[in-house]
1. Filter region 232-262 down to residues that are in contact with a strand residue (DSSP E or B) (Cβ under 6 Å, 6 or more places away or on another chain) and open to solvent by 30 Å² or more (accessible area, probe 1.4 Å) and give me whichever is farthest from V301 (Cα to Cα).
2. Would you call V192 assigned to a helix (DSSP H, G or I), within 17 Å of the chain's Cα centre (by Cα) and closer than 16 Å to L228 by Cβ?
3. Name the residues in region 160-171 that are assigned to a loop (DSSP other than H, G, I, E, B) and either among the polar types (S, T, N, Q) or surrounded by fewer than 19 Cβ atoms within 10 Å (Cβ to Cβ) (or both), would you?
4. Name the one entry in A418, A337, A412, A364 that is under 30 Å from P258 (Cα atoms) and not basic (K, R).
5. Among the numbered criteria (1) in contact with a Ser or Thr (Cβ under 7 Å, 6 or more places away or on another chain); (2) open to solvent by 60 Å² or more (accessible area, probe 1.4 Å), which one does R302 miss?
6. Just give me the residues in region 169-202 being within 18 Å of I220 (Cβ to Cβ) and either at pLDDT below 90 or of a type in the set (D, E, K, R) (or both), in sequence order.
7. Exactly one of these conditions fails for L191: (1) over 28 Å from V376 (Cα atoms); (2) in contact with an Asp or Glu (Cβ under 8 Å, 6 or more places away or on another chain); (3) open to solvent by 80 Å² or more (accessible area, probe 1.4 Å). Give me its number.
8. Evaluate region 119-136: report whether one residue or more is at pLDDT 95 or above, open to solvent by less than 10 Å² (accessible area, probe 1.4 Å) and not in a loop (DSSP other than H, G, I, E, B).
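The values are calculated or read from the model by the stated rules, or taken from the named source; none is laboratory data. Since the model is a prediction, treat every value here as computed from it, not as a measurement. Methodologically, a virtual Cβ is constructed for each residue, glycine included, from the backbone with ideal geometry; neighbour enumeration extends over all protein chains shown. We work out accessible area using only protein heavy atoms, side chains counted, and drop any ligands, DNA or RNA first. Shrake-Rupley method; radii C 1.70, N 1.55, O 1.52, S 1.80 Å.
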Amino acid sequence: MSDGGASAGGAHGQEGGTGTGRLDSRPAGPLAGIRVLDLATMLAGPYGATLLGDLGADVIKVESHYGDESRHLGPERDGERSPFLSLNRNKRGVVLDLRRPPAREIFGRLAGTSDILITNVREPALSRLGLAYEQVRQHRVDVIWVGVTAFGPDGPYAGRPGIDFLAQGYAGLLSLNGEPGGAPVRVTVPLVDVMTSLLVVSGVLTALHVRTQTGAGQRIDVSLLDALVHAQCSGLGAYFLTGEVVPRTGNRSQYFAPSGIYACADGRGIVITCPSEKFFVNLCTALDTAWNGDPRFATIVRRLENQDELDRLIGERCRSVPRDELLERLIAADVLAAPINEIPEVVRDPQVCHNGMIVTTEHATLGPIRVTGVPVKLHDTPGSVRRGPPVKGQHTEEILVELGYGPDEISALRRDGAVATGVP
């Protein structure tokens, strides 16, 4: 989103952090020694900073007294809300009121020690707060500055607020998602935001490499719109080649059949898809049928022409077997199949847990909490979840001390409202 105003551990050493909220004794990861300032809110920018933190960077989240917008949305327990908790592990938290000169001075010192700055603040607030690229560059000439916007930093849509949902509209995703003949349907998982966060990381790592070669930092711009247009390469490619506009197909495929969701005897759903002759033959073997010998289903083209009947036949077979039993048969026959897992089932999924994608870390006020793990598995220099997400201002005093401020100065800054400190 651009600014608009039970298993711990698993493979690859990605177990959770310590009970103190401080870094544990394990190696921080391949980006140890790199400092990132996260001045973004909501999802795309902050999650990009989180992924850099997962890989070992020292990420400092700078918030206002109000805090990141994601602190005020979604499910809540003891004053902490799930959107912020799920997106901001591996960070230290600082509260600065950048409208006040003393806080601006602190920011200048902090920026001078930082390699990367990520923001999604829009103009004119960006420049008013001293966060524009050329302003930050005055504090560190080789800084890598990342601006995340909805549509781009300039051009006809520059300055507009935007979120994932709007990008889905502009980039054509809404027109593709849903049932044939039905209304467009929003993709509820914030995939555009997450894709944008990955582009933030790709850009930063590339710029770091360039900096090692040339000594120069640079400005990077990433937008939700560009991320989703980039992801639409297949549909746009068909249009460029033939003028064809990809239709909405629901759970079916435009190019092969069968492909869909089928109900089983216990009412639970299963995904079955067959993008090649081999997988269709395997499906027929698993379901003990001779459909592959039926002229109506003998080729991919014939199956597409007769997929209503084919879906009816597959549906009948699936409804006679409980889901888990059917899934076991299909997997044994090398069929492309998957359960329709509910969220509690995802958390318990043995492969998800084995991959270390659900980890336990320690929160300053909530105690042990579970978050998602590190998706990039570097075998020699692995990343890890070393810190829980910070409470607002949790590390302000710690970082001020690192920057050379004494106890009396910190007390004065707190009284003035330039900073705020949270749970020690």
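1. Across region 232-262, the extreme among qualifying residues is I261.
2. Yes, satisfied.
3. R160, P161
4. After ruling out the rest, the residue left standing is A337.
5. The failed condition is (1).
6. Residue satisfying the conditions is D193 alone.
7. Condition not satisfied by L191: (1).
8. yes
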